[in-house]
Amino acid sequence: MIVILQKTAQDAANFTAQLVANALRDNPKSVLGLATGRTMEPVYERLIKLHKQEKLDFSKCTTFNLDEYVGVSPENPISYRATMQRLLFDHVNVRRAATHVPDGMAKDLAKAGEDYEKAIAKAGGIDFQLLGIGTDGHIGFNEPLSSFASLTREQVLTPVTFKQNAGLCEGKVPTRAMTMGVATILASRRAVMLVTGKKKAKLVAEVIEGPISAMLSASALHFHKDCVVVLDAEAAQELFDRVAKFSDHFETIRTELAKANEAVNGAVRSYESRIRPSGQKLQKLLGKDKELKKIEELPSGETLQ
Ligand code: GLP
């Protein structure tokens with residue numbers, strides 16, 4: 001697991017969008033796993049901008065969304081199909097037939113889950129999986145105690161999720177959903193989880209620092225072979241204190257985002273070759289002063305090596 005720190009929520013969203021854009025540019029036929037939630041909105045806004053201003057091409061890609069409410073038709077504005085159309089699909093040149101969202105209206109939900117897995121396999125598997133995190137630690141709608149071996153299936157949502165998603169559902173949160181399983185997510189070639197805001201700081205620290213637990217589905221990402229967690233400064237708050245003590249266990253990059261696009265592009269393009277700071281240097285940096293501002297004072301473009 002690689003943890004990438006960004007200053008603001010917008011920086012973190014831009015960075016995440018840039019990772020998606022790079023994946024698409026490297027392989028226009030990429031199979032993208034997409035997520036919903038408020039955290040993703042600025043990511044999609046950015047991707048639309050990249051499509052309009054820099055001709056980012058979606059015409060050959062295929063997408064699979066993580067989840068969908070059960071019993072909510074695709075036309076219903078609270079459905080994740082409608083949400084994806086509104087936030088991204090209607091604004092880029094993706095083919096409608098190449099966009100997939102689990103079928104929450106299926107009579108046989110178990111079969112719909114199996115069919116979704118088959119469709120993912122037929123497309124060649126997911127190259128790049130975008131993830132947010134629920135306040136109960138869910139990824140997709142894999143609520144606490146989801147098996148790490150789970151595949152796409154029906155899930156009953158928890159009261160914590162009702163509360164979190166109420167604002168997006170006009171107060172009427174459906175009680176069940178179809179979701180890719182934890183194992184479906186772990187099978188993706190790369191997973192990128194974006195978390196922003198201080199409300200999720202404690203949760204993020206638990207996910208990153210463990211223990212790995214079925215009570216926290218996102219902690220399964222430690223088993224992912226190529227997982228990137230992108231955090232803004234607020235979401236990283238709890239982590240910083242602990243990283244200072246356990247920094248040898250972490251791989252962290254700091255990118256200079258003050259110069260926006262160029263800096264992000266440059267850093268993202270080469271970040272894989274630069275993301276392995278020695279524990280010592282990170283320890284030194286964070287040990288001296290745990291404040292984020294110290295890290296922000298690094299000269300422009302410098303990363304932790
Ligand atoms: C929903 C989705 C999750 C997403 C979560 C985050 O529950 N099923 O995939 O991670 O929302 O929501 P937000 O970004 O609004 O905090």
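The values are calculated or read from the model by the stated rules, or taken from the named source; none is laboratory data. Keep in mind that this is a model prediction, so the values were computed, not measured. Neighbour counts are summed over all protein chains in view; Cβ atoms, including those assigned to glycine, are modelled from backbone coordinates with ideal geometry. The accessibility values were calculated without ligands, DNA or RNA, using every heavy atom of the protein model including side chains. Shrake-Rupley method; radii C 1.70, N 1.55, O 1.52, S 1.80 Å.
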Q.
List pairs: first residue in the range 11-26 and without any contact (Cβ under 8 Å) to a residue 60 or more places away in the chain, second residue assigned to a helix (DSSP H, G or I) anywhere in the structure, Cβ distance under 7 angstrom, at least six positions apart or on different chains.
A. ALA17/VAL43; ALA17/ARG46; ALA17/LEU47; ALA17/LEU50; ALA21/LEU47; ALA21/LEU50
Q) If TYR116 passes every condition in (1) open to solvent by 10 Å² or more (accessible area, probe 1.4 Å); (2) closer than 17 Å to ALA218 by Cβ; (3) more than 10 Å from the ligand (Cβ to nearest atom) but one, which one does it miss? A) (2)
Q) Taking the range 180-198, which residues are touching a Ser or Thr at 6+ places or on another chain (Cβ under 7 Å) and either assigned to a helix (DSSP H, G or I) or surrounded by fewer than 20 Cβ atoms within 10 Å (Cβ to Cβ) (or both)? A) VAL182, ALA183, THR184
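Can you find, within the range 28-54, the residue that is nearest to the ligand (Cβ to nearest atom) among those that are closer than 20 Å to VAL195 by Cα and among the hydrophobic types (A, V, I, L, M, F, W, C)? Before you say what the answer is, go through the steps one by one.
Filtering the range 28-54 down to residues closer than 20 Å to VAL195 by Cα leaves 32-47.
Right, trim to among the hydrophobic types (A, V, I, L, M, F, W, C) and you get 32, 34-35, 40, 43, 47.
On the way: LEU32: 14, LEU34: 9, ALA35: 5, MET40: 6, VAL43: 10, LEU47: 16 Å.
Going through the qualifying residues, I end up with ALA35.
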**Q.** Number of the exception - LYS200 against (1) under 26 Å from THR63 (Cα atoms); (2) within 12 Å of the ligand (Cβ to nearest atom); (3) modelled with pLDDT of 95 or more
**A.** (1)
Q) If you go through the range 22-40 one residue at a time, do you hit one that is out of contact with any Ser or Thr (no Cβ under 9 Å at 6 or more places or on another chain) and of a type in the set (Gly, Ala, Ser)? A) yes
Q) Of the residues that make up the range 30-42, is at least one assigned to a loop (DSSP other than H, G, I, E, B), open to solvent by 10 Å² or more (accessible area, probe 1.4 Å) and within 16 Å of ALA191 (Cα to Cα)? A) yes
Q: Answer yes if at least one residue in the range 126-149 is more than 13 Å from the ligand (Cβ to nearest atom) and part of a helix (DSSP H, G or I), and no otherwise.
A: no
Q: Scan the range 55-73 for residues that are more than 16 Å from the ligand (Cβ to nearest atom), open to solvent by 20 Å² or more (accessible area, probe 1.4 Å) and touching a residue at least 24 places away in the same chain (Cβ under 8 Å) and report the count.
A: 5
Q.
Would you confirm, using the coordinates I've provided, whether ALA97 is assigned by TED's automatic domain parsing to the domain that holds ALA17, open to solvent by less than 30 Å² (accessible area, probe 1.4 Å) and not in a loop (DSSP other than H, G, I, E, B)?
A. no
Q: Report yes if ALA187 is touching a Pro at 6+ places or on another chain (Cβ under 9 Å) and assigned by TED's automatic domain parsing to the domain that holds LEU157, otherwise no.
A: no
